[in-house]
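K.L.:
Sending over a structure as structure tokens; questions will come in a sec.
Nothing in this text is a laboratory measurement; each read-out follows from the coordinates by a stated rule. Just so you know, these numbers come straight off a predicted model, no measurement behind them. Methodologically, a virtual Cβ is constructed for each residue, glycine included, from the backbone with ideal geometry; neighbour enumeration extends over all protein chains shown.
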Amino acid sequence: GRVRTARRRRAQVELWGVDQAREALLTVLHTILFCRAPGPFKPETIFLDHFELAYARVGSRSVIETVDRACDALLSPGHLTPAGPELLKGTVVLSFFERIRSKALFGILKNEEKRVWEQWTLPILISTTPRPLGDDDPSRLERSRADADADRLLRARIGDVHRLVNGPLDHVPDSIYEFEIFAGGDPSA
């Protein structure tokens with residue numbers, strides 16, 4: 001077969017609060033997985049609570065649970081690292097890979113290698129500044145501004161995903177492939 005070079009992708013998300021961050025991560029991860037899903041599957045439409053947006057996801061229980069576990073792991077206490085005053089950062093890495101099996105030593109020993117062909121790094125920055133809760137005009141205005149900024153940013157990241165997955169496909173294998181998600185604290189690590 002041909003030698004493939006893994007494609008590296010990056011889509012940063014900056015949000016206000018853990019609930020908004022979780023929903024944005026779910027949206028971006030499921031959008032990537034939906035676009036890269038091999039074979040037939042039942043799509044599901046998910047309407048968001050914190051954004052004026054919906055996304056499609058693969059309706060597989062195992063895919064949904066894997067994405068949920070990664071988001072929960074990243075956003076659980078102690079997994080995000082400080083990024084400045086009232087800011088936390090973390091990252092999720094989604095890797096697509098194929099398993100390459102080879103025989104060695106008279107066909108007795110078998111070796112299996114995971115060959116990553118595409119990897120998405122999703123750094124996230126979360127503001128922990130308390131959200132204005134007042135019913136006064138300045139509080140409503142600040143909430144509205146923050147929500148509009150977050151909505152615009154998430155739409156831009158989804159646009160980035162669609163632009164990148166619809167680019168050259170020469171690195172995508174012809175064979176069955178899998179994915180894994182790593183959730184860690186420091187995106188520069």
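K.L.:
In degrees from 0 to 90, rounded to the nearest 10, what is the angle of the helix 61-75 Cα long axis to the longest principal axis of the chain?
P.N.:
Rounded to the nearest ten degrees, it is 50.
K.L.:
Measuring from the lowest to the highest alpha carbon on each principal axis, how far does the range 92-165 reach, largest first, in angstroms?
P.N.:
Taking the Cα atoms of the range 92-165, the three principal extents are 78, 26, 12 Å.
K.L.:
Fully extended, how many nm does the chain gain between ASP137 and LYS42 (0.36 nm per residue separation, minus their Cα-Cα distance)?
P.N.:
Value of the extension gain: 29.7 nm.
K.L.:
Here's another thing I want to ask about it. If you project the alpha carbons of the range 65-189 onto their three principal axes, what span does each projection cover, largest first, in Å?
P.N.:
Rounded to whole Å, the extents work out to 77, 34, 26 Å.
K.L.:
Rounded to the nearest 500, what is the 222 nm mean residue ellipticity of the chain from helices alone, with -39500 (n - 2.57) per DSSP H run of 4+ residues and division by all residues?
P.N.:
Using -39500 (n - 2.57) per qualifying helix, the result is -11500 deg cm²/dmol.
K.L.:
Scan the chain and report its longest stretch carrying no chymotrypsin sites (Phe, Trp or Tyr not before Pro) that are both in a DSSP loop and have at most 16 other Cβ atoms within 10 Å.
P.N.:
After excluding every exposed loop site, the longest remaining stretch is 107-189.
K.L.:
Based on the Cα gyration tensor of the range 33-98, what are the three equivalent ellipsoid semi-axes, each the root of five times an eigenvalue, rounded to whole Å and given largest first?
P.N.:
With the √(5λ) rule applied to the range 33-98, the semi-axes are 27, 16, 10 Å.
K.L.:
OK, next. How big is the dipole moment of the range 108-188 about its Cα centre under a simple scheme where the beta carbon of each Lys and Arg is +1, that of each Asp and Glu is -1, and everything else is neutral? Debye, nearest 20, please. Mind showing how you got there, number by number?
P.N.:
Details: 11 positive and 16 negative charges, 17 e Å.
For this selection, approximately 80 debye.
K.L.:
Moving on to the next point. Between VAL116 and ASP149, 0.36 nm times their residue separation minus their Cα-Cα distance comes to what?
P.N.:
8.5 nm
K.L.:
Please return the longest stretch of the chain lacking exposed loop sites, where GluC sites (Glu not before Pro) count only if DSSP places them in a loop and at most 16 other Cβ atoms lie within 10 Å.
P.N.:
It runs 87-189.
K.L.:
Still on this model: Quick one: if you stick a label point 7 Å off each Cα along the C-beta vector at ARG61 and ASP49, how many nm between them?
P.N.:
Calculated label separation equals 2.3 nm.
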